[in-house]
Amino acid sequence: MTGRKVVVGIDGRPDCENAIRWGAAEAAARGVELQLVHAFVWAEFRVPLGPSDLAPGLRAQAEKIVADAVELARRCEPAVSVTGRYVDGFPPAVLLAESATAGLIVIGSRVTGRLLSLLVSSAGVELSANALCPVVVVRPGDDALAGSRVVVGYDGSPVAGAAVEFGLAYADRHDLPARIVAVLDGEDDDHDLLAGIRAHAQAGRAELIEVDGHPSELLLEWSADAQLLVVGSRGRGGFAGLLLGSVSQTMLHQAPCPVAVIPQAALEGPA
């Protein structure tokens, strides 16, 4: 997957600028193309899209959003091949289609309310649950590449195993230490589930933290100094049919750093 393009969803808001910077840096680290994609929703409504006597037109506005994003990305990473375009449709459908040929989808979150809580749009939640590649949600405002390590949440599920591989690969590319926070339920098979993870720790690839308690609270605590937090979309627990588990949703909304989610569909999608 690392040989595939990095796609950043853009919407013209200042909140997505950090996502563009993060995506550009990751494309540079992977040595792949960066594509900036704007979902042009107005084509879905019966409204005039061209120029008028009073305004330059919605399509012209979309073209400016793309051009400004491309300019920012090229300033951040001049050596990276950057392209941009707008695609008619709503963001979830547009970015889900992009995920079929991408190695990574990057989107931004935004700060809302007096308590500066983070808002991940319904499109972001849907994408994190259903994309055919990993999805990274980047925080606005602060330096998205701050932090001193990569933290991975692990519970023994297949998507958690994929999260470990994703997190270790990111740590290797960015020369960062990795920490695996294993929150298991004390069942007899936990020893087997941890065997491969302990092998990473014994090889010096990661620090292994085995903890008991509420997964969300523990991951938030252990990721306080993280540059990236990686989780699976849904663990061993929870209700069947829920594509995005409570832990991954909590991390998307509350984690202090960018969050990578490995969707179940990414394990079943194109190689």
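The values are calculated or read from the model by the stated rules, or taken from the named source; none is laboratory data. These figures come from a predicted structure and were not determined experimentally. Because the Cβ atoms are built from the backbone with ideal geometry, glycine has one as well, and the counts that use them run over all protein chains shown. Surface accessibility is based on the protein's heavy atoms, side chains included, excluding ligands, DNA and RNA. Shrake-Rupley method; radii C 1.70, N 1.55, O 1.52, S 1.80 Å.
Structure values in brief
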item: Residue-span extension gain [residue 210 to residue 13] - 0.36 nm each, minus C-alpha spacing; result: 66.9 nm
item: Solvent exposure ordering (accessible area, 1.4 Å, most first) of 218, 132; result: 132, 218
item: Karplus 3J(HN,Hα) series, Hz, for region 205-220 with 6.51 cos²θ - 1.76 cosθ + 1.60 (x for Gly, Pro); result: 7, 7, 8, 9, 10, 9, 9, 10, x, 7, x, 4, 4, 5, 5, 4
item: Cα-derived Rg to Rh of region 192-231, Kirkwood definition; result: 0.99
item: Gain upon complete extension [residue 145, residue 217; 0.36 nm per residue less C-alpha separation]; result: 23.6 nm
item: In nm, spacing of pseudo-spin labels at residue 90 and residue 253 (7 Å Cα→C-beta vector); result: 2.0
item: Extended-chain gain in nm, criterion 0.36 nm per residue less alpha-carbon gap, residue 64 and residue 173; result: 35.9 nm
item: Rg/Rh for region 61-106, where both radii come from Cα atoms and Rh is the Kirkwood radius; result: 0.99
